[in-house]
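Participant: Encoded as structure tokens, here's the structure I'll be asking about.
The values are calculated or read from the model by the stated rules, or taken from the named source; none is laboratory data. Only a predicted model underlies this, so the values are computations on that prediction, with no experimental measurement involved. In this analysis, Cβ positions are derived from the backbone assuming ideal geometry, glycine residues included, and neighbour counts consider all displayed protein chains. With ligands, DNA and RNA removed, areas are computed over all heavy atoms of the protein, side chains included. Shrake-Rupley method; radii C 1.70, N 1.55, O 1.52, S 1.80 Å.
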Amino acid sequence: MARRHLLGPVGALNTITPCAACKLLRRRCAQECPFSPYFSPHEPQKFASVHKVFGASNVSKMLMEVPESQRADAANSLVYEANVRLRDPVYGCMGAISALQQQVQALEAELAAVRAEILKYKYRSAGATVLPSSHAAALLASSGEVSFGAPLPPIAARTAPPPAPASSSSSMYTAASSSTDYSSTTNENVPYFG
């Protein structure tokens, strides 16, 4: 087999063995093979997964539609998408993206809770009983939190109600007490509703 010239920026000069695509498709690897620069004969599993998901003809068409300077990135993207689709046939890449978005949202909520705790400790260490709303907004803005316009309630309104007395029967089956007072508000959920 004669020496062949590379069509793209990626790949080593291949003089003896055909590229992974031609090897899998059991055909002779020509000089102008569109797959040889991007699918090395040393990594046949890459083209095998791409071929299984997209098909050789479609991969060839997709690579030819992309500018030559971006074909290596397109081939790597096809390999990644094919591998993810084989792992998760229903959601594919969207499953991975969705999981990462959920993780980001959970971490943002955790960060907001930590910032709220920091603000609470700053508030306690200042020794003030009630902060004016402008001062609370300034503290929130300096800590990166969302500001709010309502003044903070007095400390007495933010204390938790005493626990209900224990009874001999399970609390799961007892009726809810109607003595709960919902007239006072707390600021424990302020970071979540900003």
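Participant: Let me spell it out: the conditions are (1) part of a helix (DSSP H, G or I); (2) open to solvent by 20 Å² or more (accessible area, probe 1.4 Å), and Leu78 meets all of them except one. Which number is the exception?
Facilitator: Every condition holds for Leu78 apart from (2).
Participant: Is there a residue in the stretch 92-112 that is β-branched (Val, Ile, Thr) and under 20 Å from the mean Cα position of the chain (by Cα)?
Facilitator: The answer is yes, given that some residue of the stretch 92-112 is β-branched (Val, Ile, Thr) and under 20 Å from the mean Cα position of the chain (by Cα).
Here's the yes/no breakdown for (1) of a type outside the set (Asp, Glu); (2) surrounded by 13 or more Cβ atoms within 10 Å (Cβ to Cβ); (3) modelled with pLDDT of 95 or more:
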residue: Ala106; (1), (2), (3): yes, no, yes
residue: Tyr123; (1), (2), (3): yes, yes, no
residue: Pro132; (1), (2), (3): yes, no, no
residue: Leu152; (1), (2), (3): yes, yes, no
residue: Pro161; (1), (2), (3): yes, no, no
residue: Ser177; (1), (2), (3): yes, no, no
residue: Asp181; (1), (2), (3): no, no, no
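Participant: Which residues, taken from the stretch 89-99, are free of Cβ contacts under 8 Å to residues at least 12 places away in the same chain and surrounded by 14 or more Cβ atoms within 10 Å (Cβ to Cβ)?
Facilitator: Across the stretch 89-99, the qualifying residues are Tyr91, Gly92, Gly95.
Participant: Suppose the filter is open to solvent by less than 80 Å² (accessible area, probe 1.4 Å), under 27 Å from the mean Cα position of the chain (by Cα) and among the hydrophobic types (A, V, I, L, M, F, W, C); does Val53 pass it?
Facilitator: So Val53 fits the description; yes.
Participant: Here's a follow-up. Any idea which of Lys61, Lys23 is open to solvent by 40 Å² or more (accessible area, probe 1.4 Å) and at pLDDT 90 or above?
Facilitator: Lys61
Participant: State all residues of the stretch 64-75 that are touching a residue at least 12 places away in the same chain (Cβ under 8 Å) and open to solvent by 80 Å² or more (accessible area, probe 1.4 Å); if no residue qualifies, say none.
Facilitator: Met64, Glu68, Ser69
Participant: Let me spell it out: the conditions are (1) farther than 22 Å from Arg26 by Cα; (2) in contact (Cβ under 8 Å) with a residue 12 or more places away in the chain, and Gln102 meets all of them except one. Which number is the exception?
Facilitator: All conditions are met except number (2).
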